[in-house]
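In what follows, a structure is listed as structure tokens, so that the remarks can point back to it.
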Amino acid sequence: PEVLPVAELNYEQVAALAPDLILGVNYTMTQAEYDTLSALAPTVGPPVEYADYGAPWQVINEVVGTALGR
């Protein structure tokens, strides 16, 4: 995996990686960002029932595990 800077997403850089899956579970993702990223690959955003960066690690682990089929 490659971790990209989150100050500003570079969609061309993301697309060049040809991702199979984009995980943004601990990121404040706007709907526009989600729409753009999900056009590149299946995208998992942060759990909507929690405040920004407020999801417990257990929830994040479950979301990522589900996305990875584990």
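Quick check on my filter: what residues within segment 40-51 are closer than 16 Å to L23 by Cβ, outside any helix (DSSP H, G or I) and not hydroxyl-bearing (S, T, Y)?
A41, P42, V44, G45, P46, P47, V48
Of all residues in segment 31-61 being at pLDDT 95 or above, touching a Phe, Trp or Tyr at 6+ places or on another chain (Cβ under 8 Å) and open to solvent by less than 30 Å² (accessible area, probe 1.4 Å), which is nearest to Y11 (Cα to Cα)?
This residue is L37.
With the requirement that a residue be part of a loop (DSSP other than H, G, I, E, B) and either among the polar types (S, T, N, Q) or open to solvent by less than 50 Å² (accessible area, probe 1.4 Å) (or both), what does segment 20-30 give you?
Initially, segment 20-30 is screened for residues part of a loop (DSSP other than H, G, I, E, B), giving 20-21, 24-30.
Once the filter is applied, which keeps residues that are part of a loop (DSSP other than H, G, I, E, B) and either among the polar types (S, T, N, Q) or open to solvent by less than 50 Å² (accessible area, probe 1.4 Å) (or both), segment 20-30 yields G24, V25, N26, Y27, T28, M29, T30.
Just to be sure before I move on: is V64 in a helix (DSSP H, G or I) and either in contact with a Leu (Cβ under 7 Å, 6 or more places away or on another chain) or open to solvent by 50 Å² or more (accessible area, probe 1.4 Å) (or both) in the structure I sent? Steps first, answer last, please.
Working: in a helix (DSSP H, G or I): yes; either in contact with a Leu (Cβ under 7 Å, 6 or more places away or on another chain) or open to solvent by 50 Å² or more (accessible area, probe 1.4 Å) (or both): yes.
Spelling it out, V64 is indeed in a helix (DSSP H, G or I) and either in contact with a Leu (Cβ under 7 Å, 6 or more places away or on another chain) or open to solvent by 50 Å² or more (accessible area, probe 1.4 Å) (or both).
Within segment 1-36, which residues are of a type in the set (A, V, I, L, M) and within 16 Å of V64 (Cβ to Cβ)? Spell out how you get there, then give the answer.
First pass over segment 1-36, keeping only residues of a type in the set (A, V, I, L, M): 3-4, 6-7, 9, 14-18, 21-23, 25, 29, 32.
If the condition is that a residue be of a type in the set (A, V, I, L, M) and within 16 Å of V64 (Cβ to Cβ), then V3, L21, I22, L23, V25, M29 are the ones that fit.
State which residue is least open to solvent (accessible area, probe 1.4 Å) when the search covers only segment 1-19 and only residues that are in contact (Cβ under 8 Å) with a residue 12 or more places away in the chain and not in a loop (DSSP other than H, G, I, E, B).
V14
Every residue in segment 21-70 that is of a type in the set (D, E, K, R) and more than 12 Å from the chain's Cα centre (by Cα), please.
Applying the first criterion (of a type in the set (D, E, K, R)) to segment 21-70 yields 33, 35, 49, 52, 62, 70.
Selection gives E49, D52, E62, R70.
The values are calculated or read from the model by the stated rules, or taken from the named source; none is laboratory data. Everything numeric here is computed off the predicted structure, so don't read it as measured data. All Cβ positions, even for glycine, are placed from backbone atoms using ideal geometry, and neighbour counts span all protein chains on display. For accessibility, only protein heavy atoms count, side chains too; no ligands or nucleic acids. Shrake-Rupley method; radii C 1.70, N 1.55, O 1.52, S 1.80 Å.
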